[in-house]
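Working notes, beginning with the structure itself.
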Amino acid sequence: MADAMFFPYTTTILTGVVQGKEFKTPAYLRDTFFSNVMTSTAKYVAFDKLPDGDRTLAPFVNRRVGGKRIELEGYKTEMYEPPVVGNHFTVTPEDAFMRAPGRTEYDLGGPGAFLDHQISTGLRRIENMISRREEWMCAQALIKGEITIKGDGVNEETIQYWSHLTEAEQPKSTLATPWTDANVTANDIINDLSTVVDAVVMRSGLMPRKIICGQAVYKALREKLSESKLLDMRHVEMGNIAPSQLPNNIRRLGYLAEPGIEIYSYVDRYNDAGTILPMIPDDVCFFVSPEVNTIMAYGASANGGKTSGAPNLERGTRFSFARPHDSLEQGRAIYLQSSPLPIIQSTDGFLVLKAV
C-alpha cells in the first residue's frame, strides 16, 4: 500500500498521457511529409513500393471492342521491424520532496505535485529526443534513400528505399555548375530550377511545390535572387521574395512564380556523438510534391510494463511504462519508447539536388 501511495502511476495511466497528439514535439519533416500515420499491432510493418508514374495514353479503340487489355503493374512488398527508440529515467521517494525550479517548499501542492513535475519533465525530455530521432530518420530517408540502424545492443541494419532503382533512376542529381559559382546568374538558377521541376513532372506527373534547402544552398539562392533585377520587373512577377521565420526551425525565402515553387531553409541540427550536424546537408536541397506517397508507420510495443509472462502487443505511437528500480532507493524506472519507421512508397514525387 505504501508503495502504491509513492507511485500511483500505472502503465495504463502513463501510456494514456503520451498517446495524445498534443504530447508529440513538433518536427517539420515528419509532420509535413510523413503526416499519414499508421500504427500496427505487429512487431513488423509491411509496405508496398509502388511503381513510378505511368505516362501512357489510353488507346483509341473500336466502339464494339470497348478497350484493349492491359497488364496490371506489379509492386514490391517489403517488411521491416521498426527500430525501438527511447530512454528512461528514475524516480525515488526522495524525488517527491525535491523542489522544482522556481518553486519553494511553501508552494501549494506538496510532495505529490513535486513528483508529478519530475515525471512530466522526464517524459517531455525523452519525447524531445524521440521526435528528434524521428526527424533524423525522415531526413535520411528523403536525402540519402536509406536509414542505418545501429546502437548499443542493436544488430546493425540498413533500411533501403532506393534499392530497387538503378543509379540513373534514383531521385538525385548534381549541378554541373554550382550556384555559388561567381558566373552563375539569377537567370541560370531559375533555368536550373525549371529543369529539375520539369524532370520530376516528366517522370511522375507530379508537380513539385516546395524546395527545402540546406544552409549553403539557401544562402546562394538568397544572394543571387535578391540581387537580381528580374525580381523587380513591373507587371512581370518572376518572384516575390519576402524572407520570414516560421516555427520548427524553418525559414521561408519566398515564392518563385517561375517555376512555381516555394523556397524554404531548414536549419535544425542534431548531436551525433558530440558532433553537431544539420538535418539537411548544407550543400543540398530537395524538391517535393505534396502528392508523394509516404507513411509514418509505428510498430507495436511488446513491453507493456510487464517483467514476466508473455506481454500483449499494443498499438500506438508512444508507449510509457514503469518498472521497479533495482537499487537500494526502491524507486521506479519510467520508460518512454516508440517504434517509428518512415515509409516512402514511391520515389517519383521528389528529387534531391546537390546544388553547391
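Does segment 78-85 contain at least one residue that is open to solvent by 60 Å² or more (accessible area, probe 1.4 Å) and either in contact with a Cys (Cβ under 7 Å, 6 or more places away or on another chain) or at pLDDT below 80 (or both)?
Looking only at segment 78-85, we keep the residues that are open to solvent by 60 Å² or more (accessible area, probe 1.4 Å), and these are 79, 81, 84.
Among the residues that remain, those that are also either in contact with a Cys (Cβ under 7 Å, 6 or more places away or on another chain) or at pLDDT below 80 (or both) are: 79.
Among the residues of segment 78-85, at least one is open to solvent by 60 Å² or more (accessible area, probe 1.4 Å) and either in contact with a Cys (Cβ under 7 Å, 6 or more places away or on another chain) or at pLDDT below 80 (or both), which makes the answer yes.
Can you tell me which condition GLY74 does not meet? The list is (1) modelled with pLDDT under 65; (2) in contact with a helix residue (DSSP H, G or I) (Cβ under 9 Å, 6 or more places away or on another chain), and all the others hold.
For GLY74, the exception is condition (2).
Considering each residue of segment 145-168, count those that are outside any strand (DSSP E or B), at pLDDT 85 or above and either open to solvent by 80 Å² or more (accessible area, probe 1.4 Å) or among the hydroxyl-bearing types (Ser, Thr, Tyr) (or both), and give that number. Quick ask: steps written out before the conclusion?
As a first pass, look at segment 145-168 and keep what is outside any strand (DSSP E or B): 145, 152-153, 161-168.
Still in the list and also at pLDDT 85 or above: 145, 161-162, 166-168.
From the residues that got through so far, the ones that are either open to solvent by 80 Å² or more (accessible area, probe 1.4 Å) or among the hydroxyl-bearing types (Ser, Thr, Tyr) (or both) too are 161, 166-168.
So the count comes out to 4.
Select from segment 283-306 the residues that are assigned to a strand (DSSP E or B) and without any contact (Cβ under 8 Å) to a residue 60 or more places away in the chain and list them in ascending order. Outline the logic, then answer.
Quick first cut of segment 283-306, residues assigned to a strand (DSSP E or B) only: 284-288, 294-298, 301.
If the condition is that a residue be assigned to a strand (DSSP E or B) and without any contact (Cβ under 8 Å) to a residue 60 or more places away in the chain, then SER301 is the only one that fits.
When you scan segment 176-207, how many residues do you find that are in a loop (DSSP other than H, G, I, E, B), open to solvent by less than 20 Å² (accessible area, probe 1.4 Å) and more than 18 Å from ILE280 (Cα to Cα)?
Initially, segment 176-207 is screened for residues in a loop (DSSP other than H, G, I, E, B), giving 176-185, 205-207.
Remaining after also requiring open to solvent by less than 20 Å² (accessible area, probe 1.4 Å): 179, 184.
From the residues that got through so far, the ones that are more than 18 Å from ILE280 (Cα to Cα) too are 184.
Count: 1.
Considering only residues that are more than 13 Å from GLU134 (Cα to Cα) and touching a residue at least 60 places away in the same chain (Cβ under 8 Å), look in segment 269-282 and name the one that is surrounded by the fewest Cβ atoms within 10 Å (Cβ to Cβ).
ASP282
Give SER131, SER173 a once-over and let me know the one that is open to solvent by less than 30 Å² (accessible area, probe 1.4 Å), touching a residue at least 24 places away in the same chain (Cβ under 8 Å) and polar (S, T, N, Q).
Values: SER173 fails: open to solvent by less than 30 Å² (accessible area, probe 1.4 Å).
Of SER131, SER173, the one residue that is open to solvent by less than 30 Å² (accessible area, probe 1.4 Å), touching a residue at least 24 places away in the same chain (Cβ under 8 Å) and polar (S, T, N, Q) is SER131.
The values are calculated or read from the model by the stated rules, or taken from the named source; none is laboratory data. What you see is a predicted model, and the numbers here were worked out from it, not measured in a lab. Counting neighbours? That spans all protein chains shown, and the Cβs are built from the backbone with ideal geometry, glycine included. Surface accessibility is based on the protein's heavy atoms, side chains included, excluding ligands, DNA and RNA. Shrake-Rupley method; radii C 1.70, N 1.55, O 1.52, S 1.80 Å.
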